[in-house]
1. Residues in the stretch A:391-421 that are under 22 Å from residue A:490 (Cβ atoms) and touching a Gly at 6+ places or on another chain (Cβ under 7 Å): how many?
2. Could you run through the stretch A:280-324 and say how many residues are under 21 Å from the mean Cα position of the chain (by Cα) and charged (D, E, K, R)?
3. May I ask you to list the residues in the stretch B:71-92 that are more than 19 Å from the chain's Cα centre (by Cα) and free of Cβ contacts under 8 Å to residues at least 24 places away in the same chain?
4. Would you point out which residue out of B:107, B:71 is among the hydrophobic types (A, V, I, L, M, F, W, C) and either more than 9 Å from every other protein chain (Cβ to nearest Cβ) or closer than 22 Å to residue B:155 by Cα (or both)?
5. Does residue A:393 satisfy the criteria of being in the same structural domain as residue A:328 (by TED's automatic domain parsing) and either under 30 Å from residue A:65 (Cβ atoms) or assigned to a helix (DSSP H, G or I) (or both)?
6. Among the residues that make up the stretch A:115-125, is at least one of them touching a Lys or Arg at 6+ places or on another chain (Cβ under 8 Å) and over 19 Å from residue A:250 (Cα atoms)?
7. Does the stretch B:168-180 contain at least one residue that is assigned to a helix (DSSP H, G or I), within 19 Å of residue A:400 (Cα to Cα) and more than 10 Å from chain A (Cβ to nearest Cβ)?
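The values are calculated or read from the model by the stated rules, or taken from the named source; none is laboratory data. This structure is a prediction, so every number in the text was calculated from the model and none was measured. Backbone-built Cβ (ideal geometry, glycine too); neighbour counts: all protein chains shown.
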Amino acid sequence: MSRHSLIRFCFVALAVPLFATRPTDDPIVVGSKKFTESVILGEIIMQTVQQTSFEAIHRRELGGTRVLWNALQGGDIHIYPEYTGTIRKEILAGVAMDSGMAALREALRTQGIGMLSSLGFNNTYALGMLTRTADTLHINKISDLKRFPDLVLGFTNEFMDRSDGWPGLKQVYQLPHTNVRGLDHDLAYRGLANGNIHVIDVYSTDAEIDYYQLKILEDDLMYFPEYQAVILYRLNLDSNAPEVISDLKMLLGTIDASAMSQLNSQVKLERKPESIVAAKWINETFGVTPTIEVKSRWQRIWQHTLEHLFLVTIALGAAILLALPLGIWSAYHTKTGQGILAVVGIIQTIPSLALLVFMIPLLGIGGLPAIFALFLYGLLPIVRNTYTGLKSIEPGIQESATALGLPWLSVLWKIDLPLASRAILAGIKTSAVICIGTATLGALIGAGGYGQPILTGIRLDNMGLILEGAIPAAVMALAVQGLFELSERWLVPRGLRLKRSD
Amino acid sequence: MAIIPADFELPLQLHPVKLSDMFSLNGVSKRFGSFTALHPLDVAFREGETSVLIGPSGCGKSTLLKLMIGLLKPDSGTIHFNNQPISPTNIQILRHQMGYVIQEGGLFPHLSVEQNITVMARHLDWSISDIRQRLADLSALTQFPENLWSRYPLQLSGGQRQRVSLMRALMLDPKVLLLDEPLGALDPMIRADLQQDLKEIFNQLEKTVVLVTHDMGEASFFGNEIILMRQGKIVQKGTIKTLVNQPTDPFVKDFIQAQRQVTVIEGNNP
């Protein structure tokens, strides 16, 4: 057993009772990245799998490429939609291979991952113009732009800088344009609409293409890299669930760029839920009607509340169990104590997002890595406050307790801890509030909770959804704070809450 | 109480422990880092007698007291209590026979007066009736009103706090009382009152008392024997008379003189 799997085993062993309610017959888990197109594709894949005899769940918006790829390799998810360009440049970066799908498929096979052929569209950089303008000027392909050097080009700053963006494009197509501006993507669309800008860079399936009635110019010199949408899956599905794979093959070649752009537009601009958009598309394409569960807002809030409480309670409980002894030890053993405080302090400085991502190779995705990260963040306030609380007890009081002949454990239990109780409680309170806030990031690695609607809301620019996560999270933080202030009356001895009389 | 001539010097090197010695320290020294708090010294405290450790701050008098009750460990030398050498293994039990009172009282602010006084007796599983009885006796002895038993330290005056601290020290009926500037934090009127009461209590109990102070008036008020210390060493030991009339070192004279001047200045102020 390697060290990683050993650590993992320990956590799983600890967590098994917590997750014991999970069905024994594991469902097929579909993952998706945290952008709309990926979520829609994940939803389509999931609903397709559900047409088979297998159960399927969709862990949506798990994060970026790294998270999804690691989760797929670790077996936390079984299937997810990816792009060939991403596989080539990010996942298998540094692996020498020929161009073409076959070479890519072979390289993935050695890693235990299967790849189905293209779903039917290539989501790459493209140049777009208002259809009106393009038709008037008879522009169909990028080469046609050469004839109109006076056109104003507006590109995102990233596209301006990337070697495979504007600099290369200009060279390959010998474009003569001098009026090229770098600007924000949303502004570019607006500039296009009011005629200040004529050509912009887009992703070929952007929701706005449909909305603004853009024409995508053909990349006739094949300059932009291929980003064919494909399905990645764990190869053991070939033997374990062959009907899932054969059903998924029915999806291949069925979604072209404009269809994808329309699906994106329905979600992003018309604000329909992904599950409904996906179900409608499946119904129109295959004539079957997937059963989808649409939860009401209150049902969602309730579910997220339970998930959030679960994360916070377990993490905080574990943090208290470790941090209290550490704090007590630090207060009485100055040398090792300084070391402990330093280590716990350093943990606190690790950016939370980075910590969550570090956890994935060790603990996979979902609740476990999120709880572990929250647990680590919960340590410092409790350790430090316990330490400070104990250290700030007047030496005379501790000496008097010892001089009475009380053994050290009784001194700790009857004198020191009650005297430090206010500080310790404040530390736990801080820890709880931090925990509630940070737990919203757990949604990035599939832990659910209030972060889920926030994440979706940010992606869809939907303030209502953001508030659906942010308000309950704030309410929970306030409630917990209030609860701790109430509990002070029970836990902090009366003699410490008095005002001095003389 | 044994009557010993004022100029009597114990031949400690020859007979380290005498039966009448409650405490006997031989070659005891203590350093804190590079600071020498106590140079190796020999001293004994006789049973039933009130001894006063006096000297300017930093002279090592409080350190000596803490060594005796085991709050500090000596770097060298041995300390005998009641003819047993003190060690980390027996100090906890021996402390049941010592009462310790410090300047600010050292009361536990989260416990009531009653809980403060009885914490150790409850730890030792005394019966409720025994605890009640002892508490009542001590309240009478220290003239502390019983209706204040349920108060918390923060609700008491400075003088009341010191009486509670004394009761706590006396709860297990110890053989010795170790008092580290017990009156140091009190204002003069209360101080004089409590001084008088304390002396009566000591006389009544006939316990061995070691009291630390920096005030010569207080030292002569309490002490059969006064031990004057300076820079971690004992300068002179004897009654106040011996110290005044036969100083062995110019510092003894200076120290007493300085204290007298303060008294005079205080006396001139109406």
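1. So the answer is 1.
2. Result for the stretch A:280-324: 2.
3. If we filter the stretch B:71-92 for residues that are more than 19 Å from the chain's Cα centre (by Cα), which is where we start, we get B:75-78, B:83-85, B:87-90.
If the condition is that a residue be more than 19 Å from the chain's Cα centre (by Cα) and free of Cβ contacts under 8 Å to residues at least 24 places away in the same chain, then B:84, B:85, B:87, B:88, B:89, B:90 are the ones that fit.
4. Details: B:71 fails: either more than 9 Å from every other protein chain (Cβ to nearest Cβ) or closer than 22 Å to residue B:155 by Cα (or both).
Result of the check over B:107, B:71: B:107.
5. On the way: in the same structural domain as residue A:328 (by TED's automatic domain parsing): yes; either under 30 Å from residue A:65 (Cβ atoms) or assigned to a helix (DSSP H, G or I) (or both): no.
When the stated conditions are applied, residue A:393 does not pass them.
6. Checking the stretch A:115-125: not a single residue is touching a Lys or Arg at 6+ places or on another chain (Cβ under 8 Å) and over 19 Å from residue A:250 (Cα atoms).
7. Step one: of the stretch B:168-180, the residues assigned to a helix (DSSP H, G or I) are B:168-170.
Those left that are additionally within 19 Å of residue A:400 (Cα to Cα): B:168-170.
Adding the requirement that they be more than 10 Å from chain A (Cβ to nearest Cβ) leaves B:170.
Yes: the stretch B:168-180 contains one or more residues that are assigned to a helix (DSSP H, G or I), within 19 Å of residue A:400 (Cα to Cα) and more than 10 Å from chain A (Cβ to nearest Cβ).
So that you can scan it fast, the table gives a plain yes or no per residue for (1) surrounded by 15 or more Cβ atoms within 10 Å (Cβ to Cβ); (2) within 29 Å of residue B:26 (Cβ to Cβ); (3) touching a residue at least 24 places away in the same chain (Cβ under 8 Å):
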position	(1), (2), (3)
B:152	yes, no, yes
B:167	yes, no, yes
B:183	yes, no, yes
B:189	no, no, no
B:209	yes, yes, yes
